[in-house]
Amino acid sequence: MLKEETNNQISLPLRSVIGKKLNYDLIFDDGETKVTLLKRAKAPYEISLIDEKKKFAVIRKKRDINDYVFFILDMKRWHILRNSTTDTKFIKYNAKTNEIFFSSSLFNHYTPVSRKPSEERLINIPITSKLLQANKNPKSTIIIDQEGNAKATPLIKITSKNSKAPKSSTKLVVQVKNVKDFYNEVFVNDERILPEHIDTQIKILADKTLLAIHCTINIKKNKKDKISQWLVYDTDMNLLGINHNKKTIIQNVEEKNGKVVLTLSDGSVGTLNLNKMKNISSGRKFMLKQNTR
C-alpha cells in the first residue's frame, strides 16, 4: 500500500496556458526563463509521477475526449526527453531502484528512462514494478523520494499558475471580466479558462456541478472565421461533449428530465446524467460572481 500524503507542498515552475483555440500549452517559467514544453492539450496537464532522486516527472496530456498520453520531463534540464515523445501510453516504475520504463503498448518492450541517448528496450521488467496507464483517470500523483519510498499525494494538476498540489475547496467561483472594450474572458477561482471572446453567456447546471459557457471565438475580419459554441466543464475543469476528431461543437445546452442535453453541430444529441455529475464533483460547486471591468 502507498502512503497517502494529504498536505503535499510541492511547487514546480510549470504552467498550463490556454490559447485562443482552447488548447493548452505546457510552459516552463521560473521567472527568468520561459519555454514551451508541450502544446495542444485539450485540458490542463497533470503530473502522474515524480522521481525526486533522479529528477524525472511523468506528465499526462489530454489529446481528445478519451485519449491521453504520457511524456517524460527531465527536471534537471527542464525539457521533455526526446525519446519519450512517441505514443507513450504505459509507465512502469520501481520505487526501490528508482527506475521508470515507458511503452506504447502494455505487452510490448519497455524503454528505460535515461538522459543518455539509448534505444535499449526491455521485455523483462521487474515483477514488483507498478503500472500507470494514460487512459485510466488517476486520483493521485505518485512521488518517489530519495530513499526509494513511493507515496501518493492528491493529484497535481498544472494550472495557469505555478504547479502545486490543489487546495481543498468546495467553491468554484466563476467570473466574467471585460477586456479590450467588447471582449470578455472567463476565470474560475482567478484562473483564466477562456481567453478573449464575445457573446458570453453563462449557465450553471446539474445542481451547480456543470458550467456551460457560450462564446464566439476566432474573431477576424472574415465572418467565416467566427465560431459560436457552448463549452461545458465539470468540476475538474474538463471539457465535456466535444469530439475533436469529428470537429463537432455544442450548439445548445439545456437541463431537462434529470439530464443535461447537448445538441451538437453534426445533428446528434448527447446527454450528461445529473446524478453522475453530482457524484464525481466531490462536493465542489460553481458559483457566479458579478461581472467586473
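The values are calculated or read from the model by the stated rules, or taken from the named source; none is laboratory data. This one's a predicted model, so the numbers in the text were calculated from it and none came from an experiment. Cβ placement follows ideal geometry from the backbone for every residue including glycine, while neighbour counts extend to all protein chains displayed. Only protein heavy atoms, including side chains, enter the accessible area calculation; ligands, DNA and RNA are left aside. Shrake-Rupley method; radii C 1.70, N 1.55, O 1.52, S 1.80 Å.
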Report task. Take residue 142 and decide whether it is out of contact with any Lys or Arg (no Cβ under 9 Å at 6 or more places or on another chain), open to solvent by less than 30 Å² (accessible area, probe 1.4 Å) and under 18 Å from residue 14 (Cα atoms). Result -> no
Query - Neighbours by Cβ (under 7 Å, 6+ apart or cross-chain): first from the stretch 188-208, among the basic types (Lys, Arg); second open to solvent by less than 60 Å² (accessible area, probe 1.4 Å) - result: 192/18; 192/160; 192/185; 203/212; 203/253; 208/286
**Report entry** Odd one out for residue 49 among (1) at pLDDT 95 or above; (2) under 12 Å from the mean Cα position of the chain (by Cα)
**Finding:** (2)
Report summary line: Within the stretch 49-88, residues of a type in the set (Val, Ile, Thr) and open to solvent by 10 Å² or more (accessible area, probe 1.4 Å) come out as 65, 80, 85, 86
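With the requirement that a residue be in a loop (DSSP other than H, G, I, E, B) and open to solvent by less than 100 Å² (accessible area, probe 1.4 Å), what does the stretch 124-139 give you? Steps first, please.
Taking the stretch 124-139 as the starting set, the residues that turn out to be in a loop (DSSP other than H, G, I, E, B) are 124-129, 134-139.
Within the stretch 124-139, 125, 126, 128, 129, 134, 135, 138 qualify.
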Query raised in the report: Counting just the residues of the stretch 208-225 that are exposed (fewer than 14 other Cβ atoms within 10 Å of the Cβ) and of a type outside the set (S, T, N, Q), which one comes out modelled with the lowest pLDDT?
Result: 221
Query raised in the report: Is it the case that the stretch 93-105 has a residue that's surrounded by fewer than 19 Cβ atoms within 10 Å (Cβ to Cβ), within 18 Å of residue 12 (Cβ to Cβ) and of a type in the set (A, V, I, L, M, F, W, C)?
Result: no
Query raised in the report: Out of all the residues in the stretch 1-35, which are open to solvent by 70 Å² or more (accessible area, probe 1.4 Å) and either of a type in the set (Lys, Arg) or at pLDDT 90 or above (or both)?
Result: 3, 20, 21, 34
Requested in this report: State which residue is surrounded by the most Cβ atoms within 10 Å (Cβ to Cβ) when the search covers only the stretch 39-48 and only residues that are touching a residue at least 40 places away in the same chain (Cβ under 8 Å) and either outside any strand (DSSP E or B) or of a type outside the set (Gly, Ala, Ser) (or both).
Outcome: 45
Report task. Go through (1) modelled with pLDDT under 85; (2) surrounded by fewer than 19 Cβ atoms within 10 Å (Cβ to Cβ) and name the single condition residue 165 misses. Result -> (2)
Report summary line: Scanning the stretch 187-210 residue by residue, the ones that are touching a strand residue (DSSP E or B) at 6+ places or on another chain (Cβ under 7 Å), assigned to a loop (DSSP other than H, G, I, E, B) and not hydrophobic (A, V, I, L, M, F, W, C) total 3
